[in-house]
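Step one of this worksheet: look at the structure below.
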Amino acid sequence: MAATVGRICGARLLKNYGLVTPQVLKITVCQLSTSTHGWTRNRKLLLSTLGVVGGGVGALLFALEQSVQASEGEAHPAHQPWSHNGWFQSLDHASIRRGYEVYKQVCKACHSLQYIAFRNLVGVTHSEEAAKAEAAEVMIRDGPDEQGNYFERPGKLSDYFPSPYPNENAARAANNGAYPPDLSLICSGRKGGEDYIFALLTGYMDAPAGVILREGQNYNPYFPGGAISMAQVLFNEAAEYSDGTPATASQLAKDVATFLRWCSEPELDDRRLMTIKVIGMFSMLAAIVYYFKRHKWTTMKSRKLAYKPVSKK
Ligand code: HEC
């Protein structure tokens, strides 16, 4: 590797210390060297210019990134102790189910969830019958039928969650020009993931002095820029839970954030289960391979070579 890099750059990182010729064999002795001894002036100049330019560009990028961040001045969401944090933890399915109820009763009025179908709920939050009943509650636009007309029918398991608005313009018109983003991938799409969503939903406050909000805007320190067009939607008892959990604002936010994490990564549990299996399998295989390698190489490794000097007569 070092030799190849050295050759490409012409830097000769691996130095050739000449030929050592013990009678028959010609061995080139190479040694990794970091000393600049023996570099030509041009090479030193080139490398130092590269170093200075590279460092300068890095510092500039860092400064630019910092300046942009500083101008936004948003608060960082606090890390919450999610029960699904950690490599071997699964999602809390009771919480996903409650989160779905929050989405259905509150967020669905404005946000679509276009990549999640009712069949995805089966075995995660609902039984097949219950998921069918959930699907049948919504009307889906289908068609064209034999006469070429579009029609509405009750949803089926294979249907995706319908959008609250027919298109983006209608969504903007209903929300002061702001577009409520699709929530299917929002948890992976925002820095901070579920921490951010929890902080956003529970972080509304009065705008501090000096912050001017336009009509329809609200102040939320976690939203980049602070002025968000979504009003506070989660209050105590803003939604009802079927399992009797007290529906405080923070409980609603926690559950909907867990639900949105599941929407972003429905395969999360399977992936973690697979990780456990793969780590288990590979450690067993590694042990076998190690033993087998020792077994096969034992004759080579324990071999002893001896030279018998030819006695001069
Ligand atoms: C009355 C309509 C409405 C409801 C109800 C609503 N939202 Fe929003 N939401 C919006 C609008 C509008 C925006 C866009 C805000 C902006 O860009 O300023 C938004 C933006 C968001 C964002 C994106 C913030 C970002 O970083 O871009 C998230 C996350 C979000 N909403 C989550 C939710 C959740 C979860 C619920 C349900 C508990 C919910 N919303 C309910 C209207 C709504």
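Identify all residues within segment 179-192 that are of a type outside the set (S, T, Y) and modelled with pLDDT of 95 or more; write none if there are none.
Of everything in segment 179-192, those that are of a type outside the set (S, T, Y) and modelled with pLDDT of 95 or more turn out to be P180, P181, D182, L183, L185, I186, C187.
Mind checking which residues of segment 138-169 are free of Cβ contacts under 8 Å to residues at least 12 places away in the same chain, of a type in the set (S, T, N, Q) and under 25 Å from S229 (Cβ atoms)?
Within segment 138-169, N167, N169 qualify.
Which residue pairs have Cβ atoms closer than 7 Å, lie 6 or more positions apart in sequence or on different chains, and pair a first residue in segment 209-231 that is farther than 16 Å from N176 by Cα with a second residue that is of a type in the set (F, W, Y) and assigned to a strand (DSSP E or B)?
V211/Y219; G226/Y219
Mind checking which residues of segment 205-225 are in contact with a Gly (Cβ under 7 Å, 6 or more places away or on another chain) and in a loop (DSSP other than H, G, I, E, B)?
Residues satisfying the conditions are V211, N220, P221, Y222.
Filter segment 143-169 for residues that are among the hydrophobic types (A, V, I, L, M, F, W, C) and part of a loop (DSSP other than H, G, I, E, B); which is farthest from the ligand (Cβ to nearest atom)?
Looking at the filtered set, the residue picked out is L157.
Consider only pairs whose beta carbons are under 6 Å apart and that are at least six residues apart or on different chains; among these, list those whose first residue lies in segment 190-207 and is on the phi > 0 side of the Ramachandran plot and whose second residue is within 10 Å of the ligand (Cβ to nearest atom).
From residues that are on the phi > 0 side of the Ramachandran plot, the pairs are G193/C187.
Any residue at all in segment 223-230 that is surrounded by 10 or more Cβ atoms within 10 Å (Cβ to Cβ), among the aromatic types (F, W, Y) and modelled with pLDDT under 95?
Yes, some residue in segment 223-230 is surrounded by 10 or more Cβ atoms within 10 Å (Cβ to Cβ), among the aromatic types (F, W, Y) and modelled with pLDDT under 95.
I'm checking my understanding of the structure. Among residues of segment 189-204 that are in a loop (DSSP other than H, G, I, E, B) and in contact with a helix residue (DSSP H, G or I) (Cβ under 9 Å, 6 or more places away or on another chain), which one is nearest to the ligand (Cβ to nearest atom)?
The selected residue is R190.
Among the residues of segment 101-127 satisfying the criterion of being polar (S, T, N, Q) and under 27 Å from N169 (Cβ atoms), which is surrounded by the most Cβ atoms within 10 Å (Cβ to Cβ)?
Across segment 101-127, the extreme among qualifying residues is S112.
Rundown of residues vs (1) of a type outside the set (S, T, Y); (2) within 15 Å of the ligand (Cβ to nearest atom), yes/no style:
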position: A75; (1), (2): yes, yes
position: S83; (1), (2): no, no
position: D92; (1), (2): yes, no
position: N120; (1), (2): yes, no
position: V124; (1), (2): yes, no
position: E129; (1), (2): yes, no
position: E134; (1), (2): yes, no
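Which residues, taken from segment 226-269, are assigned to a helix (DSSP H, G or I), more than 30 Å from A173 (Cβ to Cβ) and aromatic (F, W, Y)?
Scanning segment 226-269 gives a single hit, W262.
For segment 170-188, check the following and say yes or no: at least one residue is without any contact (Cβ under 8 Å) to a residue 12 or more places away in the chain, in contact with a helix residue (DSSP H, G or I) (Cβ under 7 Å, 6 or more places away or on another chain), within 13 Å of the ligand (Cβ to nearest atom) and not aromatic (F, W, Y).
Within segment 170-188 (the criterion being without any contact (Cβ under 8 Å) to a residue 12 or more places away in the chain, in contact with a helix residue (DSSP H, G or I) (Cβ under 7 Å, 6 or more places away or on another chain), within 13 Å of the ligand (Cβ to nearest atom) and not aromatic (F, W, Y)), the answer is no, since none of the residues qualifies.
The values are calculated or read from the model by the stated rules, or taken from the named source; none is laboratory data. This one's a predicted model, so the numbers in the text were calculated from it and none came from an experiment. Cβ sites come from the backbone with ideal geometry, for glycine too, and all protein chains shown count toward neighbours.
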